[in-house]
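The values are calculated or read from the model by the stated rules, or taken from the named source; none is laboratory data. Computed from a predicted model, the values in this text were never measured in an experiment. Here the Cβ positions follow ideal geometry from the backbone for every residue, glycine too, while neighbour counts run over all protein chains shown. The area values use the complete protein model at the heavy-atom level, side chains included, leaving out ligands, DNA and RNA. Shrake-Rupley method; radii C 1.70, N 1.55, O 1.52, S 1.80 Å.
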Amino acid sequence: MLPLIHPEELANSFPIHSSPLVEYIRLGLENRALPLTSGQPSLDAMDVDLISRCSARGIAENPRALLYGSNRGLGALRQQVLAWQASLGIAPREATEAHIMMTLGSQYGFHLLCQAMLQGGDPVAFDAPCYPDTWCTLLRHRARLVPIPVDQDGMDLDRLEEHLRTKGPVKMVYTILNHQNPSGCSMSPQRQARLMDLADRYRFLVAVDDPYRLLDLDPVDRNCRAEIPQLGFETGLVVYLGSFSKILSPGIRLGWLMGHPSLVEGLAKLQEMTMISLPAADSALALQFLKEGHMGPQLERVRSFLRVRRQALAEGLSSQGLTFHSPKGGCFLNLPVEGASEVALRLVKDKKVATVPERAFWPNVEGARDSFLRLSYSWCSPEELKEAAERIGETLREMDLA
């Protein structure tokens, strides 16, 4: 007879790590606080009527999408995404359909990559601080965490190279390339070139997550040929993760992955084993939206929406005499404050303003910091953001931190 295992005991054996970011979002909801936590776009940033029409037309014009489909995603959608990314200079000219697959969002694409590549104890380097679902995924796949600090130009490659030289190779390096979450930094072209040189020398895979690439809010001088994924694409050592979540809708669980054809083929087979094929409605909607040429106007809509709200939050913080870091794009401002976790708890409970402290973006490692609040401006109205800034100023003065 098999021994009985108590469900609680079984659940506790799962290698599951809850995201601290989700805990702060939940805390904000429980306290009915102004939400400066999540980076998802507000419904006001979406043309809901247009999205609804595209969804209906997409299914009507592609009824076969309602059947089981390709493990790489709808073929016509892959073609549209590749053409769109190439028109922006992101996808290399050499890229073909063999280089791309659709995924259930970029986060799921990263999960597939970890599932395919990692064995227990494999070292993976990543931005620190970092979007917590990344290192939670790494922990779930029993990777050995190698956090590498970031500065204004992205991952500190001196620190990465020092680790490679003194402690041995890593299996993979993960970085958010543009307007990094939570720091807001973007990796400079010089560092991108150096990162690919290190990848070639030490033979590791570079996983580039780029959900904010199309959310430049200030002018950014770009030379796509000198940037990943075009840079280093021919080596086969780059996997590029893109997403519709920040630019169209987070509820459309759809992203894409570009990489070497052999790797894409393997990941597509793994995706088929775990979910057969992608959701029909999401794929048909995205295909129709791209095919009808709506993405350009939608991007301008989202950028304009974010600029107005970034300005409102910045003006509100400035009126309180507070100094903050404002990246050139993305969804977040950072407010420097030591002991940010304590401030975040005071804010959400006493002032009904939900924020996320830096500590939530660090795993439990030596050197974890807690020196800023990440403030999202993608959800609240301009008036709410100014009110939130006033309450933040009051709290910091009450705590003798301003």
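Remarks
- Of everything listed in (1) surrounded by fewer than 20 Cβ atoms within 10 Å (Cβ to Cβ); (2) closer than 25 Å to Cys136 by Cα; (3) at pLDDT 95 or above, the single unmet condition for Pro15 is (3).
- Which listed residue, of Ala83, Ala91, Ala95, Ala76, is without any contact (Cβ under 8 Å) to a residue 12 or more places away in the chain, touching a helix residue (DSSP H, G or I) at 6+ places or on another chain (Cβ under 9 Å) and closer than 30 Å to Leu285 by Cα: Ala83
- The lone criterion from (1) of a type in the set (A, V, I, L, M, F, W, C); (2) outside any loop (DSSP other than H, G, I, E, B); (3) over 18 Å from Ile25 (Cβ atoms) left unmet by Ala360 is number (3).
- Residue in region 373-380 that is touching a helix residue (DSSP H, G or I) at 6+ places or on another chain (Cβ under 9 Å), surrounded by fewer than 19 Cβ atoms within 10 Å (Cβ to Cβ) and modelled with pLDDT of 95 or more present: no
- For region 141-170, a residue qualifies if it is more than 22 Å from the chain's Cα centre (by Cα) and among the basic types (Lys, Arg), and the qualifying residues are Arg159, Arg165, Lys167.
- Boolean, Tyr131 is buried (at least 24 other Cβ atoms within 10 Å of the Cβ), of a type in the set (Phe, Trp, Tyr) and modelled with pLDDT of 95 or more: no
- The residues of region 76-129 that are acidic (Asp, Glu) and within 22 Å of the chain's Cα centre (by Cα) amount to a single one, Asp127.
- Test: residue in region 171-180 that is modelled with pLDDT of 95 or more, part of a helix (DSSP H, G or I) and of a type outside the set (D, E, K, R): no
- Pairs with Cβ under 6 Å, 6+ apart, first in region 263-277 and of a type in the set (A, V, I, L, M, F, W, C), second not in a helix (DSSP H, G or I): Val264/Met101; Ala268/Asn71; Ala268/Arg72; Ala268/Met101; Ile276/Tyr68
- Those residues of region 391-402 which are exposed (fewer than 15 other Cβ atoms within 10 Å of the Cβ) and charged (D, E, K, R), in sequence order: Arg397, Glu398, Asp400
- Residue match in region 134-149 (condition: assigned to a loop (DSSP other than H, G, I, E, B), under 22 Å from Ser188 (Cα atoms) and either touching a residue at least 40 places away in the same chain (Cβ under 8 Å) or open to solvent by less than 50 Å² (accessible area, probe 1.4 Å) (or both)): no
- Listed by first and then second residue, the pairs linking a residue in region 296-310 that is farther than 20 Å from Ser326 by Cα to a residue that is among the polar types (S, T, N, Q) and open to solvent by less than 90 Å² (accessible area, probe 1.4 Å), with Cβ atoms under 6 Å apart and 6 or more places separating them unless they lie on different chains, form an empty list.
- Residue in region 200-220 that is at pLDDT below 95 and within 28 Å of Leu375 (Cβ to Cβ) present: yes
- Note on region 342-372: residues that are open to solvent by less than 10 Å² (accessible area, probe 1.4 Å) and farther than 17 Å from Leu21 by Cβ total 0.
- All positions within region 152-174 that are in contact with a helix residue (DSSP H, G or I) (Cβ under 7 Å, 6 or more places away or on another chain), farther than 13 Å from Asp200 by Cα and either open to solvent by 30 Å² or more (accessible area, probe 1.4 Å) or not hydrophobic (A, V, I, L, M, F, W, C) (or both): Asp153, Gly154, Tyr174
- Leu278 outside any helix (DSSP H, G or I), within 17 Å of Gln79 (Cβ to Cβ) and either of a type in the set (A, V, I, L, M) or touching a helix residue (DSSP H, G or I) at 6+ places or on another chain (Cβ under 9 Å) (or both): yes
- Residue within region 65-79 that is open to solvent by 40 Å² or more (accessible area, probe 1.4 Å), under 18 Å from Pro229 (Cα atoms) and modelled with pLDDT of 95 or more present: yes
- Some residue of region 300-315 being part of a loop (DSSP other than H, G, I, E, B) and among the charged types (D, E, K, R): no
- Complete set of residues in region 185-242 that are touching a helix residue (DSSP H, G or I) at 6+ places or on another chain (Cβ under 9 Å), acidic (Asp, Glu) and either outside any loop (DSSP other than H, G, I, E, B) or open to solvent by 60 Å² or more (accessible area, probe 1.4 Å) (or both): Asp200, Asp209, Asp216
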